[in-house]
Every structure is written in structure tokens, then in C-alpha cells.
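For reference, the structure discussed in these notes is given below.
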Amino acid sequence: MTCPLCNIATGVEIDMHSDGYAKDLFECTECGSIWVLDRDGIVLLNNRAA
């Protein structure tokens, strides 16, 4: 999987928080963007790169 903003594939990981695991929540360690996958495609939740 690649980041939808910076297209980096090596820094994408499943986002883990103290409140637990959220299904299909991904975070880019390069630009800090967070997104989810749904049946319509990628939904960007934030854009720390902007």
C-alpha cells in the first residue's frame, strides 16, 4: 500500500492508539496523513502535509 498523498510505500503502517485498533486505519510515517479504506476507495481523514 502507498500513501495517497506522498506515494511512499515504506512508511505506511496500521494506526494504533491507546484506545485500541481501528480497522483499516492507516498512517504514513513520512507525511503524517491518516486514511481508511472503504468500498468506494480511500477516505483521507487528515492531511498534516498541507
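Values computed for the structure shown
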| read-out | value |
| --- | --- |
| Test: residue 41 is on the phi > 0 side of the Ramachandran plot and at pLDDT 85 or above | yes |
| Selection from the range 15-28 of residues that are more than 15 Å from residue 45 (Cα to Cα) and either modelled with pLDDT of 65 or more or of a type in the set (Ser, Thr, Tyr) (or both) | 18, 21 |
| Where a residue in the range 6-26 is of a type in the set (Ser, Thr, Tyr) and its partner, wherever it lies, is open to solvent by 60 Å² or more (accessible area, probe 1.4 Å) and at pLDDT 80 or above, with Cβ under 9 Å and at least six apart | 10/29; 10/30 |
| Of the criteria (1) at negative phi; (2) loosely packed, with under 12 Cβ neighbours inside 10 Å; (3) at pLDDT 85 or above; (4) not charged (D, E, K, R), which one residue 50 fails | (3) |
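The values are calculated or read from the model by the stated rules, or taken from the named source; none is laboratory data. Bear in mind that the values here come from a model prediction, so they are computed numbers and not experimental data. Cβ atoms come from the backbone with ideal geometry, glycine included; neighbour counts cover every protein chain shown. SASA here: full protein model, heavy atoms, side chains in, ligands and nucleic acids out. Shrake-Rupley method; radii C 1.70, N 1.55, O 1.52, S 1.80 Å.
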